[in-house]
Amino acid sequence: MCCGQKRSALRSITFPSTSSHPARQQNQSPAARRLQMAYTAPDRSVVAAPEPRSRPSVMQKPERSPVSLRYVRTAPLRVVGEVSRQSYQFSGSAPIQSVDSSDLLQLLSLGYFSRV
């Protein structure tokens, strides 16, 4: 069964506790019926989702240390980090700058920088 058939089968699934149209269940494709059977218990009740794990009440951001990069061009360049949203300005006269480590991969992928 390919992805498109699985998607259409998922769209046509109706669960006994929420369905107000019993005739619609009879018109389901065989794939939809198999999926519905996989997601329902033998007594035809909906299988409960597992309990979510408890999370700490305060989420702390991980420490991000600055990383030094060397700008390999001479023309001035201004870049905004995708992760930190911090603005960085580089030029030939100030080629080495510290950047947030969360923006490192993005900046290196531009091809204008090298690690110091």
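Between L108 and Q89, what length comes free when the chain is fully extended (0.36 nm per residue of separation minus the Cα-Cα distance, one decimal in nm)? Separation in residues times 0.36 nm, less the Cα-Cα distance, equals 5.4 nm. Take every pair of alpha-carbon atoms less than 8 Å apart whose residues are at least six positions apart; their mean separation over the length of the stretch 66-115 yields a relative contact order of 47 percent.
Read-outs throughout are calculated quantities, based only on the coordinates presented, and are distinct from any laboratory measurement. Just so it is clear, the model here is predicted, and its values are computed rather than measured.
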